[in-house]
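Okay, so here's the structure we're looking at.
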Amino acid sequence: MTSTATTTTVADAEQGIATLKLRSPAQEEQQKQEQKEEEPYRYAHLLPHFSADRYPPLTPFEHVDPGHRALALPNPRAFLENATFIDDLTPHLGTEVHGVNLAELDSSGRDQLALEVARRGLMVFRDQQDFIDRGPEFYRQWGSHFGRLHIHPTSGHPAGYPEIHLVYRDLNKSFNFEYDDAVTPTVWHSDVSYELQPPGLTTFFLLAQPKSGGDTLFTSQVATLKKLSAPFVAFLRTLKAVHSGFEQAEFSKGGRRGGVVRRDPVEHIHPVIRRHPVTGDEAIYVNRQFTRQTILKFLFDHIDKSQDNQARVRWRPNTIVLWDNRVTAHSAIIDFEQSGSARHGARITPQAERPIPALDGLEL
């Protein structure tokens, strides 16, 4: 028979009798868990804050991608020379790197990083606690190297730092743009594509994560396009699609995600096939979150089912993921909602140029 607690007696210094209760392993583990839960959250200062501020419309600006400068270097991959591990996640998309401290990259190193992310679409850097712990002021300085920082109109951000977009979900609540009644939470998208000048290189990391689950899927819109026939690609180059932020705004106006809309929603027309300004690669540029046209249903289905063009990032503590929104799409995997664990992430989202049509002369 197994007992949950054992009792023994010892004589104390005054000949009295004292009772000492010895805890079972299960009780010890429970005490450790309770102590852990009482510890202050290390990144509480980065939890979602929903200010009532109002922002004016975004104005156009000139963007020069830093990857252009790296093209002129004798070795545009010199920032990887001290890496201890480099491995391609898939032939078409993604590279994992160990041994490079992103926080210590100089201006030239950041230029090289921008070019490498453009070429590979996605890069995963492990062991980046130094970067993560430098805080939101450093995040702003980092992101500004790659473009004008986007301030999201509806999402939560750390108090005082609206340029840092936060994702947050735990057992009781979600501050993400997602629908509970969907058959699957997988929704391929490129971030805030409804802006006139959507993001280019994006930096994202988790501050808290479930023990398992909560991975992020990525797909190469360059490789996906190459699967299509030449005549069909030529036809797609002639097309434009409307990217609208109104649905996202209505989602927040309904009281979800914090219930605020700080900038009036916009919609813009972008080419269905865009060209990267540095690499020249052509990529499909549509997604279900922000585009709604009949002919796009085929492209959505093609993107969904092209597993040979996709990579899955398994999150580990102190991981930073960078991707180029111009040539990739991504989706979070919401498979951890019953675990009781929180998934808390921060995104640094510099804007880039207005999408360049793959077809010269296409009027937008």
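The values are calculated or read from the model by the stated rules, or taken from the named source; none is laboratory data. Since the model is a prediction, treat every value here as computed from it, not as a measurement. No Cβ is skipped: glycine too gets one built from the backbone with ideal geometry, and neighbour counts run over all protein chains shown.
Would you check which residues across segment 316-335 are under 11 Å from the mean Cα position of the chain (by Cα) and surrounded by fewer than 20 Cβ atoms within 10 Å (Cβ to Cβ) and list them?
Of everything in segment 316-335, just one residue is under 11 Å from the mean Cα position of the chain (by Cα) and surrounded by fewer than 20 Cβ atoms within 10 Å (Cβ to Cβ), namely Ala332.
Working carefully through the options His270, His243, His276, find the one that is buried (at least 20 other Cβ atoms within 10 Å of the Cβ) and touching a helix residue (DSSP H, G or I) at 6+ places or on another chain (Cβ under 8 Å).
So the residue among His270, His243, His276 that is buried (at least 20 other Cβ atoms within 10 Å of the Cβ) and touching a helix residue (DSSP H, G or I) at 6+ places or on another chain (Cβ under 8 Å) is His276.
Working carefully through the options Arg134, Arg140, Arg69, find the one that is under 30 Å from Thr224 (Cβ atoms) and among the basic types (Lys, Arg).
Matching residue, one of Arg134, Arg140, Arg69: Arg69.
Please work out which one of (1) under 17 Å from His92 (Cβ atoms); (2) free of Cβ contacts under 8 Å to residues at least 24 places away in the same chain is the condition His330 fails and give its number.
The one condition His330 does not meet is (2).
Please count how many residues of segment 190-236 are under 14 Å from the mean Cα position of the chain (by Cα) and under 22 Å from Gly121 (Cβ atoms).
17
Residue by residue through segment 250-290, note down the ones that are without any contact (Cβ under 8 Å) to a residue 12 or more places away in the chain and of a type outside the set (D, E, K, R).
Correct list: Gly254, Gly255, Gly280.
Could you tell me which numbered condition Ala230 fails, if it satisfies all but one of (1) surrounded by fewer than 19 Cβ atoms within 10 Å (Cβ to Cβ); (2) of a type in the set (A, V, I, L, M); (3) under 29 Å from Pro162 (Cα atoms)?
(3)
State all residues of segment 78-106 that are within 19 Å of Gln128 (Cβ to Cβ) and in a loop (DSSP other than H, G, I, E, B); if no residue qualifies, say none.
Matches in segment 78-106: Glu81, Asn82, Ala83, Thr84, Leu89, Gly94, Gly99, Val100, Asn101, Leu105, Asp106.
Is there any pair with a first residue in segment 230-245 that is farther than 13 Å from Leu196 by Cα and a second that is in a strand (DSSP E or B) and of a type outside the set (A, V, I, L, M, F, W, C) whose Cβ atoms are under 7 Å apart and which are 6 or more apart or on different chains, and what are they?
Taking only residues 6 or more apart or on different chains, the pairs are Lys240/His270; Lys240/Pro271.
Only one of (1) over 23 Å from the mean Cα position of the chain (by Cα); (2) closer than 30 Å to Asp264 by Cβ; (3) at pLDDT 95 or above; (4) of a type outside the set (A, V, I, L, M) fails for Asp65. Which number is that?
All conditions pass for Asp65, except number (1).
Which of (1) surrounded by 13 or more Cβ atoms within 10 Å (Cβ to Cβ); (2) at pLDDT below 95; (3) touching a Ser or Thr at 6+ places or on another chain (Cβ under 7 Å) does Pro48 not meet, given it meets every other one?
Failing condition for Pro48: (3).
For residues in segment 147-191 being acidic (Asp, Glu) and either at pLDDT below 90 or in a strand (DSSP E or B) (or both), which is nearest to Ser252 (Cα to Cα)?
Glu178
Inspect segment 196-210 for any residue being in contact with a Lys or Arg (Cβ under 7 Å, 6 or more places away or on another chain), in a helix (DSSP H, G or I) and closer than 30 Å to Leu47 by Cβ and give the result as yes or no.
Checked against the condition, which is being in contact with a Lys or Arg (Cβ under 7 Å, 6 or more places away or on another chain), in a helix (DSSP H, G or I) and closer than 30 Å to Leu47 by Cβ, segment 196-210 yields no hits at all.
Any chance segment 353-360 includes a residue that's touching a Ser or Thr at 6+ places or on another chain (Cβ under 8 Å), modelled with pLDDT of 95 or more and β-branched (Val, Ile, Thr)? I'd like the intermediate steps shown before the answer.
Step one: list which residues in segment 353-360 are touching a Ser or Thr at 6+ places or on another chain (Cβ under 8 Å), which gives 359.
Those still in the list that are modelled with pLDDT of 95 or more too: 359.
Keeping just the survivors that are β-branched (Val, Ile, Thr) gives none.
The answer is no, given that none of the residues of segment 353-360 is touching a Ser or Thr at 6+ places or on another chain (Cβ under 8 Å), modelled with pLDDT of 95 or more and β-branched (Val, Ile, Thr).
Can you name the number of the only condition in (1) over 30 Å from Pro40 (Cβ atoms); (2) at pLDDT 95 or above that Thr216 fails?
(1)
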